[in-house]
There are 4 protein chains.
Amino acid sequence: MNSFGRIFRIQLFGESHGPYVGVTIDGCPAGLALTVDDFEDDLSRRRSGAAGTTDRQEPDVPEIISGWHNGRTTGAPLTLLFANKDVDSTDYEPFRAIPRPGHADFAASKKWQGYNDLRGGGYLSGRLTVALVAAGVIAKKLIAPINVYANLIMAGGSYDIQEAVEAAVKEGDSIGGLIECCAQGVPCGWGEPFFDSVESLLSHLLFSIPGVKGVEFGAGFDAAEMRGSEYNDAIISPAGKTKENNAGGIIGGITNGNDLLLTVALRPAASIKKIQKAFDLTTEKELGFQLSGRHDSCFALRAPVIVEAAVAIVLADLSFLPIIAPSQ
Amino acid sequence: MNSFGRIFRIQLFGESHGPYVGVTIDGCPAGLALTVDDFEDDLSRRRSGAAGTTDRQEPDVPEIISGWHNGRTTGAPLTLLFANKDVDSTDYEPFRAIPRPGHADFAASKKWQGYNDLRGGGYLSGRLTVALVAAGVIAKKLIAPINVYANLIMAGGSYDIQEAVEAAVKEGDSIGGLIECCAQGVPCGWGEPFFDSVESLLSHLLFSIPGVKGVEFGAGFDAAEMRGSEYNDAIISPAGKTKENNAGGIIGGITNGNDLLLTVALRPAASIKKIQKAFDLTTEKELGFQLSGRHDSCFALRAPVIVEAAVAIVLADLSFLPIIAPSQ
Amino acid sequence: MNSFGRIFRIQLFGESHGPYVGVTIDGCPAGLALTVDDFEDDLSRRRSGAAGTTDRQEPDVPEIISGWHNGRTTGAPLTLLFANKDVDSTDYEPFRAIPRPGHADFAASKKWQGYNDLRGGGYLSGRLTVALVAAGVIAKKLIAPINVYANLIMAGGSYDIQEAVEAAVKEGDSIGGLIECCAQGVPCGWGEPFFDSVESLLSHLLFSIPGVKGVEFGAGFDAAEMRGSEYNDAIISPAGKTKENNAGGIIGGITNGNDLLLTVALRPAASIKKIQKAFDLTTEKELGFQLSGRHDSCFALRAPVIVEAAVAIVLADLSFLPIIAPSQ
Amino acid sequence: MNSFGRIFRIQLFGESHGPYVGVTIDGCPAGLALTVDDFEDDLSRRRSGAAGTTDRQEPDVPEIISGWHNGRTTGAPLTLLFANKDVDSTDYEPFRAIPRPGHADFAASKKWQGYNDLRGGGYLSGRLTVALVAAGVIAKKLIAPINVYANLIMAGGSYDIQEAVEAAVKEGDSIGGLIECCAQGVPCGWGEPFFDSVESLLSHLLFSIPGVKGVEFGAGFDAAEMRGSEYNDAIISPAGKTKENNAGGIIGGITNGNDLLLTVALRPAASIKKIQKAFDLTTEKELGFQLSGRHDSCFALRAPVIVEAAVAIVLADLSFLPIIAPSQ
């Protein structure tokens, strides 16, 4: 499905080399002040330009084509378009016969029986995340003063990230990374277990970000190595604040009033300049394979704001669910 | 939300100390042969009894009260009930004032304004997973010959699991664990990215299992430390088989015809016999706290079949989504 | 689908001659006072017993098996069961070969490939509406002081309903009827057009009631014969009250603060004692056909409370949708 | 909600006087041949121009901006935009204080707290149906050879429709109408009762069309006046064909293999040139009110193709639901 959310719902569309990528937000309340400039801070964090990011340059100025009037949202579906302007002319069709290593070329061609748009990954492209970040901008406004922020804390196994990126660029290789995210100020009691636990909803959206292969909350995988006497967070205030935060602010699938903490693992980008092994489906033979073109050596550099967007979108949706006890 | 799935939909209900826990499965096709005995193998794997598991003994014989006629499913909603028979009489109400460390007592009482059933965790209890395992039995039948199996590969930091459990029991403590799961025979092309990537759907359901704090696919968190030249799986057959399987059988959010591989991190059980620190919300003071009662020292021992159920349920739902190209 | 609703969600299950019919309500807020006796008034209005209704006698006392503790809802899924006690022993399997006129025997056997439970109509039985009425009782509590009431205003073409029923009973025939429903006190601004207009949501649930073949709002079908100058309701108060109510309280798919008015058309019951023509699928020949058994001559007599339930359930769900304008 | 459908899902957006109205179709299979010209036949039937329709002239040429490559659908979300070109410059803001009779001005301003776009009705405008008709074009292709067709059979109480329209135009008034729709070739067994009966799904979408106030299937409201012996359709062939079709091809909420028949009642358009009574919310006084501008005297003339679209969209969605009995 290309929509997500129960009350605050987003629908993505567009392809990497099509005319636009975009998002329609259904369920955004009326009256939210919004200008095209509001998107620039977050979009610039996602934009390429730094060493280790692709040479593709997109201005990423949103066109707001519905749900917006006199500088405010109207309550009707809010649609944002981002034109694709810097599209290269490589012919991607050969990748149906010789799928690019690490890319979805084979699986996607099977799934859509060869009719999918392969250019730049088509729909399965990181390009789509520009629309996700834009939806995140709206979501962050709606959940204020909740503050969501994420950082790249490791790349390719190194905590000296600049050095790691430079090495990868030099080798024509790519590297993955770890992104840590925190949401401060989330009220106690959000989340809808059994199935819509906060972890369930967040991981659902986080794992839709291309390249995410792991998600953990609080102590996460380390918790598997801990004892209860170590892991259990002791409450130390009437508001439920805990001394440690191994639970990452979520207990029983519900927020507990502490900081929401999560970590996301990103695999390295699939496209590299190094020669790799590939398989020719026509000849049924293995062969050496080298990609040209413009690619991210470390797209994890651009990902923290995408992770923030995903977290903010889930929190915005949860914020609209009623917590009501009848008076009688 | 307490329902999950798009075509094959499950709705859970019940509390740990209520009369029943149960599940209604909506969208199960008609004509599936089914007997009460079909559930026993999987339910026995979840059942307590081994060292390190709780003393609560439940026979877990399902009553099929709808959607079933003459030994087969009818196509109507299929409802299974499991009676709670071995319920202890501890008074849980004091835990509203002094929330048990590591439990959701505080967050849940806030969320439901004190009206939630705290007994045995109420709705937020591992007891609910008996119904999930039962739904998994149905799902496994529907996706055959796809084979889903999971194992506990580490507990409390140790690969000698028996030893680790014994040590935890002796200390009156609890331990978490790692569960590895594989699904063999999943066709290429399942998954509905952008938002319903296979990872998104699986993690959604996996993180609804009480105690899960981390989920990764294929190389997972290790991928964050790898280079593209290392991570990219090289195709070696016309069917898309790859030499390595760092992607865990999922690429671009779509299955690629290889084994689906995932790992789940479980935190240690919250209830332990050791003295812990707690907080008295009435006096607003910290205090020493010790739990009596029957508890799992290592509920991870009982969890592999629950992980299998979650994976099978997601695959069953995906199996019903059409992959159709029109003829014209 | 056997679930309905976005926040206040109901899931039906059970068959006419199975052990139970029931409903799970997901999204009912915690703290609602509820006793088994609360259901009796509405269930008694649905119950048979009057002339023109079936001889099947069911006590219809709900068992509340989840989501309820200390006389109040807990916020967890609320499940109600109704035992089927007065089930007759007729063999329904012959109706696969010779489908009963006016019944779904043929279509249902095709759909579910002969595996459906035909006994008493199985899942496609008016018996299921006992669970709908029960959900309606909860919904009515939640939307108070909104007042929903419905009446049978015509039966079999006659406004002297008692006389019409007696005639039908005497002839061994059945009659349909018209039910008028009003909801007073619905606030202005409910409804989620485009697709979830109030009319859309109400008609969705109303047309799921077995036997409903027409739904209209306000002037309804008469509006097709009117001129705008006649139809348009003139506002006469600052609260938006209108002099006439041709719109039935809904304009642009949104409630406008006036009484919500709708009419439902029920076809006559399918089962009659008169000899009818049927078709033998084995011999491929038409034949004369006569039903024995216990049936409603005018189930429309029992239907007003079912219509009320449907309306109240939709309004309860709408009542939980946020209408929020951000402060900034 | 502004999306509809379970597998074949549509999301509408846009306003009457905004830059575009559009639709994103999620779940459209890959490989469907599609050109911009394919839309012209249906769009021209919805287009104004005839006597009794508005003077607003829109070319209605869709821009396909996603999900389409090399003349075929790709399986990714398919987005169509329709530019609004012929927008008049009337100031609609005064209608917040003096709501136009028969329009949603009052209710919508309340709902969205004055932030909604009132121009031309904003989101609550028949203009949105251009996108619905476009989605219907796709749906019709997908369900071929099922044939859906609709006709205006009555307008303003008259069966001489041309005459009725001319009279209304002359008087500066508007008239409603009745539209009859038939779908031929629908297989037996579609529909998902209890809640997603065919009637429920169809009425849901039909009642989202602006101006629809009544929907009936088969004999519909007449069924309320019939006896069972009259109403019950006798099967006359092994394929389930019936002699009469009082059920409108739907029994137990499931298609029965006969023509699907339904009738839709449209109220007269709200905008008329005649002087009407209105209410000034500022002065709290009634006043005479006259609208200028371009309006439909009988928008029912343009509606049959919209009804067809709604029916085709529901059938397309149903066509993707599996009807499967396991082999074992």
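The values are calculated or read from the model by the stated rules, or taken from the named source; none is laboratory data. These numbers were taken from a predicted model, which means no experiment stands behind them. Neighbour counts are summed over all protein chains in view; Cβ atoms, including those assigned to glycine, are modelled from backbone coordinates with ideal geometry.
What about B:SER319, is it within 10 Å of another protein chain (Cβ to nearest Cβ) and surrounded by 22 or more Cβ atoms within 10 Å (Cβ to Cβ)? Reasoning before the result, please.
Details: within 10 Å of another protein chain (Cβ to nearest Cβ): yes; surrounded by 22 or more Cβ atoms within 10 Å (Cβ to Cβ): no.
Considered against the rule, which asks whether it is within 10 Å of another protein chain (Cβ to nearest Cβ) and surrounded by 22 or more Cβ atoms within 10 Å (Cβ to Cβ), B:SER319 comes out as no.
When A:PHE39 is evaluated against the numbered criteria (1) closer than 22 Å to A:LEU318 by Cβ; (2) in contact with a helix residue (DSSP H, G or I) (Cβ under 7 Å, 6 or more places away or on another chain), which criterion, by number, is the only one it fails?
Only one criterion in (1) closer than 22 Å to A:LEU318 by Cβ; (2) in contact with a helix residue (DSSP H, G or I) (Cβ under 7 Å, 6 or more places away or on another chain) is unmet by A:PHE39, namely (1).
Being hydroxyl-bearing (Ser, Thr, Tyr) and free of Cβ contacts under 8 Å to residues at least 40 places away in the same chain is the filter here, so list the residues in the stretch D:105-158 that pass it.
Residues satisfying the conditions are D:SER109, D:TYR115, D:SER158.
Could you check how many residues of the stretch D:75-119 are surrounded by fewer than 24 Cβ atoms within 10 Å (Cβ to Cβ), more than 14 Å from chain C (Cβ to nearest Cβ) and aliphatic (A, V, I, L, M)?
2
Tell me which of these B:THR242 doesn't satisfy, since it passes every other one: (1) facing another protein chain (nearest Cβ under 7 Å); (2) touching a residue at least 12 places away in the same chain (Cβ under 8 Å); (3) of a type in the set (Ser, Thr, Tyr).
In the conditions (1) facing another protein chain (nearest Cβ under 7 Å); (2) touching a residue at least 12 places away in the same chain (Cβ under 8 Å); (3) of a type in the set (Ser, Thr, Tyr), B:THR242 misses (1) alone.
Residues in the stretch A:155-164: is at least one under 25 Å from A:VAL87 (Cβ atoms), part of a helix (DSSP H, G or I) and either within 13 Å of chain B (Cβ to nearest Cβ) or charged (D, E, K, R) (or both)?
no
Output the residue which, of all residues in the stretch C:75-97 that are at pLDDT below 95 and among the hydrophobic types (A, V, I, L, M, F, W, C), is farthest from B:ALA108 (Cα to Cα).
The qualifying residue farthest from B:ALA108 (Cα to Cα) is C:ALA97.
I need the strands (runs of 3 or more DSSP E) fully contained in the stretch B:173-292, keeping only those with at least 1 residues that are within 22 Å of the chain's Cα centre (by Cα) and crowded, with 24+ Cβ neighbours inside 10 Å.
Ranges flagged: B:177-184, B:212-217, B:260-266.
Applying the selection to the stretch B:269-283, what residues are more than 9 Å from chain A (Cβ to nearest Cβ) and hydroxyl-bearing (Ser, Thr, Tyr)?
Selection gives B:THR282, B:THR283.
Surrounded by fewer than 20 Cβ atoms within 10 Å (Cβ to Cβ), in contact (Cβ under 8 Å) with a residue 24 or more places away in the chain and not hydrophobic (A, V, I, L, M, F, W, C): does that describe D:LYS170?
When the stated conditions are applied, D:LYS170 does not pass them.
Looking for something aromatic (Phe, Trp, Tyr), more than 9 Å from chain C (Cβ to nearest Cβ), surrounded by fewer than 24 Cβ atoms within 10 Å (Cβ to Cβ) and touching a residue at least 24 places away in the same chain (Cβ under 8 Å) - is there at least one such residue anywhere in the stretch D:294-303?
Looking for residues that are aromatic (Phe, Trp, Tyr), more than 9 Å from chain C (Cβ to nearest Cβ), surrounded by fewer than 24 Cβ atoms within 10 Å (Cβ to Cβ) and touching a residue at least 24 places away in the same chain (Cβ under 8 Å), one finds none in the stretch D:294-303, hence no.
I'd like the residue in the stretch C:223-239 that is of a type in the set (D, E, K, R) and in contact with a strand residue (DSSP E or B) (Cβ under 8 Å, 6 or more places away or on another chain) and, out of all such residues, is farthest from the other protein chains (Cβ to nearest Cβ).
C:ASP233
Please pick out the residue among C:LEU132, C:LEU128 that is of a type outside the set (Gly, Ala, Ser), in contact with a helix residue (DSSP H, G or I) (Cβ under 7 Å, 6 or more places away or on another chain) and within 11 Å of another protein chain (Cβ to nearest Cβ). I'd like the intermediate steps shown before the answer.
Values: C:LEU128 fails: in contact with a helix residue (DSSP H, G or I) (Cβ under 7 Å, 6 or more places away or on another chain).
Sole residue among the options that is of a type outside the set (Gly, Ala, Ser), in contact with a helix residue (DSSP H, G or I) (Cβ under 7 Å, 6 or more places away or on another chain) and within 11 Å of another protein chain (Cβ to nearest Cβ): C:LEU132.
Residues of the stretch B:1-48 being of a type in the set (Gly, Ala, Ser) and in a strand (DSSP E or B), which ones?
Scanning the stretch B:1-48 gives B:SER3, B:GLY14, B:GLY22, B:ALA33.
Run down C:ALA223, C:ALA309, C:ALA239 and say which single residue is modelled with pLDDT of 95 or more, closer than 27 Å to D:THR282 by Cβ and small (Gly, Ala, Ser).
C:ALA239
At pLDDT 95 or above, farther than 30 Å from C:PRO99 by Cα and small (Gly, Ala, Ser) - does that describe any residue in the stretch C:255-276?
Taking every residue of the stretch C:255-276 in turn, at least one turns out to be at pLDDT 95 or above, farther than 30 Å from C:PRO99 by Cα and small (Gly, Ala, Ser).
Hey, can you tell me all the residues within the stretch A:1-52 that are surrounded by fewer than 18 Cβ atoms within 10 Å (Cβ to Cβ), basic (Lys, Arg) and away from chain C (no Cβ under 14 Å)?
A:ARG45
Looking at the structure I just gave you, is A:PRO59 within 14 Å of chain C (Cβ to nearest Cβ) and part of a loop (DSSP other than H, G, I, E, B)?
When the stated conditions are applied, A:PRO59 does not pass them.
Out of the stretch B:53-67, which residues are among the aliphatic types (A, V, I, L, M) and buried (at least 19 other Cβ atoms within 10 Å of the Cβ)?
B:ILE64, B:ILE65
If we keep just the residues of the stretch B:162-192 that are touching a Leu at 6+ places or on another chain (Cβ under 6 Å) and not small (Gly, Ala, Ser), which is nearest to B:LYS241 (Cα to Cα)?
B:VAL186
Any idea how many residues of the stretch C:177-190 are facing chain D (nearest Cβ under 8 Å) and of a type in the set (Gly, Ala, Ser)?
So the count comes out to 2.
Hey, can you tell me all the residues within the stretch A:203-222 that are more than 7 Å from every other protein chain (Cβ to nearest Cβ), farther than 23 Å from A:CYS298 by Cα and either of a type in the set (S, T, N, Q) or in contact with a Phe, Trp or Tyr (Cβ under 8 Å, 6 or more places away or on another chain) (or both)?
none
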